[in-house]
């Protein structure tokens with residue numbers, strides 16, 4: 001898997017005013033006043049890492065007596081020539097690199113494993129998002145995408161347009177085109193297997209809208225907890241807590257959806273099933289025949305026209321009052337390959353729950369029958385098996401939601417995600433300031449009266465990212481040996497290996 005993160009130490013000469021050193025690798029160290037080895041380290045080095053470096057100095061430097069200096073994001077190793085007589089450079093550097101690798105393994109795997117403040121998602125198909133609501137732009141880096149996948153900016157733009165603000169009266173009035181640009185990882189219309197960098201500029205920032213909120217904490221917003229954790233926060237737009245961060249998720253999710261569609265014919269579709277007290281009855285929607293056109297036929301993104309109008313009216317009613325409402329997004333996955341997920345800690349539903357619950361404003365998750373299943377007996381809830389006309393094992397009902405024992409069974413996966421009302425509203429609320437004074441706040445700015453319609457492509461993106469990651473894990477573990485047809489069904493029932501477009 002391609003990686004954009006470098007961890008190997010490198011050799012360099014120190015500045016002339018500190019230590020002078022220059023030599024070819026064929027000479028010995030006696031011609032040098034000193035050798036400086038500098039290793040850039042990110043994130044900042046902790047106290048625990050400094051303690052580990054002292055241990056390294058004691059075990060390795062006793063003979064050579066080198067000095068190890070630990071800065072906040074730099075390690076400098078100084079080797080005086082007076083201690084290095086009759087030592088060949090290549091031999092010494094090989095030993096030094098081995099010891100430094102040993103230190104970084106300890107640092108990376110046991111002492112301080114840090115995942116960039118939670119901005120990276122996935123194991124095999126990895127996505128790192130960056131940027132803030134009122135900064136210069138937002139985007140993502142996709143690592144681990146297979147090579148030779150046909151891909152263009154237009155593939156991502158479709159879902160970015162579904163997510164963008166200002167598209168209707170029931171969304172935020174902020175105007176952004178959210179036009180994406182691919183800077184790397186794609187050549188002549190296909191992926192190269194290297195990291196894909198996608199960026200979207202911010203063009204309609206209004207930081208002055210947040211002047212009154214620079215000291216006041218918005219109720220139920222991340223303002224307070226970010227300040228508690230970091231001691232600093234981005235007031236304009238909420239920084240990384242803003243839903244604008246999800247642009248990187250949606251762009252990478254579009255790539256994931258294309259991989260799933262090309263590879264296994266898998267479709268990921270989400271729609272709005274509830275806004276405030278307007279609840280769409282489950283039996284009105286046929287998940288076997290549901291289409292994207294049905295979902296996108298109205299601004300509420302509800303596939304039933306009658307209930308869509310009720311939802312729009314509910315949002316309008318609170319919008320004119322400066323208030324907000326929440327709701328529920330239902331997501332389904334058709335033609336999901338069998339065998340995705342693991343039996344214990346990495347159950348597929350657990351991975352999906354983590355993914356969608358990482359979206360802003362999420363407060364609940366139900367899978368399959370969900371909480372309603374608690375009202376049934378085992379004989380009522382169990383999904384009985386049968387053999388269909390194609391000789392495939394199926395279930396007559398789908399209360400398990402397409403996953404059993406943490407592993408996909410080939411049936412339609414279905415889940416529901418609850419979103420709370422938008423926390424930034426134009427009504428007066430009681431709160432406190434950073435200097436611990438009780439005050440009243442009327443939030444300014446442009447905000448969604450209901451985030452649920454715009455959350456639809458975000459949910460699809462996170463679900464697709466999980467499925468691609470799990471698909472790669474499944475192939476890595478279970479496709480080394482031939483499948484026993486008497487015991488197992490093929491992982492991909494739709495395509496033969498020769499038909500797969502990029503393997």
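Shown is the FRET efficiency for residue 372 and residue 215, computed with R0 = 51 Å from the Cβ-Cβ distance and rounded to the nearest 0.05: 0.70. Residue order for 478, 331, fewest other beta carbons within 10 angstrom first, comes to 478, 331. The ratio of the alpha-carbon radius of gyration of segment 117-478 to the globular-protein estimate 2.2 N^0.38 Å is 1.01. Taking other Cβ atoms within 10 Å as a rough exposure proxy, 334, 148 sort from fewest to most as 148, 334. When 412, 247 are sorted by how many other C-beta atoms sit within 10 angstrom of their C-beta, beginning with the fewest, the order is 412, 247. The simple Förster model, with R0 at 35 Å and r as the Cβ-Cβ distance, assigns residue 433 and residue 309 a FRET efficiency of 0.25.
Summary of packing: across the peptides 260-270, 160-170, 362-372, 383-393, the per-residue average of other C-beta atoms within 10 Å ranks them, highest first, as 260-270, 160-170, 362-372, 383-393.
Read-outs throughout are calculated quantities, based only on the coordinates presented, and are distinct from any laboratory measurement. Keep in mind that this is a model prediction, so the values were computed, not measured. Cβ coordinates were reconstructed from backbone atoms using ideal geometry, including for glycine residues, and neighbour counts include every protein chain displayed.
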